[in-house]
Amino acid sequence: MNENVPVNQTTKQPRDAANWAKSGENLKVGELPREATNLNVEGRRVVGPLEGFGQLWQKTYRVRLSGTSVTPTEVVKVWKEHFPEFQPPSNRFYPSVAGVQPGEVVMINAMTPGGPVSTGVMVLYSDEESFTLMTPQGHPESGWVTFSAFEEDGVTVAQVQSLARANDPIYEMAFRLIGASMQEQIWTHVLTSLARHYDVQGAVSVQKTCVDPKLQWSGFKNLRHNAQIITLLYTLGTPFRWVFSRGKKA
Amino acid sequence: MPQANVKMTVRKITDHTSVIDIEGEVTGFAENELMDAYTQATSAGAKAILLNFGQLEYMNSSGIGLLVTVLIRAQRQGQKLMACGLTEHYRQIFELTRLDDAIGIYGTEQEALAAAAA
């Protein structure tokens, strides 16, 4: 390639154009089931692995779907359609009506050792063989998780790969104490459930790499968005809101 | 794993600056190619590495993840990572993922090299 050759300034859209969420928009939550708590997502912006506070980790979980003839495309299609069902019972996922589509929000109501947490994720990218969920401000992590499938030695492999760091100092401490192992259990559960969908009893492999061991002290201020704290305060305020709403009706 | 459909060529511009021309698809399967190109570009002591995306045909979220890991590696080595040749579509993806905060983005290779030399 010659340095004098004009760079690619064509207006033709690349093949992946429809696979990506649009940039520059704050998150909007669509219609949700009545039991879902809509907190800490509306109006927030998404945050990537370069933001946040804690150490940056890449964690890769894989399960081989041996003994089946299912293709990577079929696996990802099923994964998108049944995404909430593959989660552990303590993790309630509420995709929008549109499903796993670029730019759509998936609300999350989870129960953790620190109490309930309401947050969500945005679908950053989605194609036939993968989809990626990116976290908003206040989520325990700053980064994204990619769910994909590919063929290796004639066997379809399902993979979860996260690239993220804790969003603030409290989350970083929680991850070091218990959160990291809980998170590994969650993605192991998801892959085990997916494999079981195909009647496969696959062992899940985990590979962890600390991409950036440094703490980003500029992310200290992210505490103000901490979804766990805000959810806890919201939960504690529920009786008062109930009394107040009854008073207004009377 | 599927083969990566990408070609990366390293050009040494000065003792301190190298360009990696990226042609084809940047996906998670391009990890070895990108890391090899980065190692080649920096082994001669380059402190500024320009990723030329002028011939980029396709990129998915795993590809963006690869760029994040290269960026962190460069930052830890005290190197400057730059990009040029991004179409409006890919510029928006850099913006969405905040890569544009950490990677200097230039319209042309000449502009990027001038900035590296400044």
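Of the residues that make up the stretch B:97-112, is at least one touching a Ser or Thr at 6+ places or on another chain (Cβ under 7 Å) and at pLDDT 95 or above?
Narrowing the stretch B:97-112 to residues touching a Ser or Thr at 6+ places or on another chain (Cβ under 7 Å): none.
Checked against the condition, which is being touching a Ser or Thr at 6+ places or on another chain (Cβ under 7 Å) and at pLDDT 95 or above, the stretch B:97-112 yields no hits at all.
Would you check if A:GLN185 is under 30 Å from B:TYR90 (Cβ atoms) and polar (S, T, N, Q)?
No, not satisfied.
Do the conditions hold for B:GLN3, that is, is it over 12 Å from the mean Cα position of the chain (by Cα), more than 10 Å from chain A (Cβ to nearest Cβ) and either closer than 22 Å to B:THR108 by Cβ or not aromatic (Phe, Trp, Tyr) (or both)?
It is true that B:GLN3 is over 12 Å from the mean Cα position of the chain (by Cα), more than 10 Å from chain A (Cβ to nearest Cβ) and either closer than 22 Å to B:THR108 by Cβ or not aromatic (Phe, Trp, Tyr) (or both).
Could you please find all residues in the stretch A:100-113 being under 23 Å from A:GLU129 (Cα atoms) and either assigned to a strand (DSSP E or B) or open to solvent by 20 Å² or more (accessible area, probe 1.4 Å) (or both)?
A:GLN101, A:PRO102, A:GLY103, A:GLU104, A:VAL105, A:VAL106, A:MET107
How many residues does the stretch B:48-62 hold that are part of a strand (DSSP E or B) and of a type in the set (Ser, Thr, Tyr)?
1
Determine if the stretch B:106-116 includes at least one residue that is in contact with a Leu (Cβ under 7 Å, 6 or more places away or on another chain), buried (at least 23 other Cβ atoms within 10 Å of the Cβ) and more than 7 Å from chain A (Cβ to nearest Cβ).
Yes, the stretch B:106-116 contains at least one residue that is in contact with a Leu (Cβ under 7 Å, 6 or more places away or on another chain), buried (at least 23 other Cβ atoms within 10 Å of the Cβ) and more than 7 Å from chain A (Cβ to nearest Cβ).
Answer yes or no as to whether B:ASP15 is open to solvent by 30 Å² or more (accessible area, probe 1.4 Å) and within 27 Å of A:ALA149 (Cβ to Cβ).
So B:ASP15 fails the test.
Tell me, which residue of the stretch B:82-118 that is assigned to a loop (DSSP other than H, G, I, E, B) and hydrophobic (A, V, I, L, M, F, W, C) is farthest from B:THR14 (Cα to Cα)?
B:LEU86
Regarding the stretch B:19-31, can at least one residue be identified that is away from chain A (no Cβ under 12 Å) and either more than 22 Å from A:SER142 (Cβ to Cβ) or open to solvent by 30 Å² or more (accessible area, probe 1.4 Å) (or both)?
Yes, because at least one residue in the stretch B:19-31 is away from chain A (no Cβ under 12 Å) and either more than 22 Å from A:SER142 (Cβ to Cβ) or open to solvent by 30 Å² or more (accessible area, probe 1.4 Å) (or both).
Any residue at all in the stretch B:40-50 that is of a type in the set (Ser, Thr, Tyr), under 28 Å from A:ARG165 (Cβ atoms), without any contact (Cβ under 8 Å) to a residue 24 or more places away in the chain and open to solvent by 20 Å² or more (accessible area, probe 1.4 Å)? Break it down stepwise before answering.
To start, the set of residues in the stretch B:40-50 that are of a type in the set (Ser, Thr, Tyr) comprises B:42-43.
This time we only want the ones that are under 28 Å from A:ARG165 (Cβ atoms), so: B:42.
Okay, now just the ones that are also without any contact (Cβ under 8 Å) to a residue 24 or more places away in the chain, so none.
Taking every residue of the stretch B:40-50 in turn, none turns out to be of a type in the set (Ser, Thr, Tyr), under 28 Å from A:ARG165 (Cβ atoms), without any contact (Cβ under 8 Å) to a residue 24 or more places away in the chain and open to solvent by 20 Å² or more (accessible area, probe 1.4 Å).
Conditions: (1) at pLDDT 95 or above; (2) assigned to a strand (DSSP E or B). A:PRO116 meets all but one. Number of the miss?
Among (1) at pLDDT 95 or above; (2) assigned to a strand (DSSP E or B), the lone unmet condition for A:PRO116 is (1).
Identify all residues within the stretch A:19-53 that are modelled with pLDDT under 95, open to solvent by 30 Å² or more (accessible area, probe 1.4 Å) and within 14 Å of chain B (Cβ to nearest Cβ); write none if there are none.
Hits for the stretch A:19-53 are A:LYS22, A:GLY24, A:GLU25, A:ASN26.
So B:THR69 passes all but one of these: (1) more than 22 Å from A:GLN55 (Cα to Cα); (2) open to solvent by 10 Å² or more (accessible area, probe 1.4 Å). Which condition number does it fail?
Checking B:THR69 against (1) more than 22 Å from A:GLN55 (Cα to Cα); (2) open to solvent by 10 Å² or more (accessible area, probe 1.4 Å), the one that fails is (1).
The values are calculated or read from the model by the stated rules, or taken from the named source; none is laboratory data. These figures come from a predicted structure and were not determined experimentally. Cβ atoms come from the backbone with ideal geometry, glycine included; neighbour counts cover every protein chain shown. Note: areas computed on protein heavy atoms with side chains; ligands, DNA, RNA excluded. Shrake-Rupley method; radii C 1.70, N 1.55, O 1.52, S 1.80 Å.
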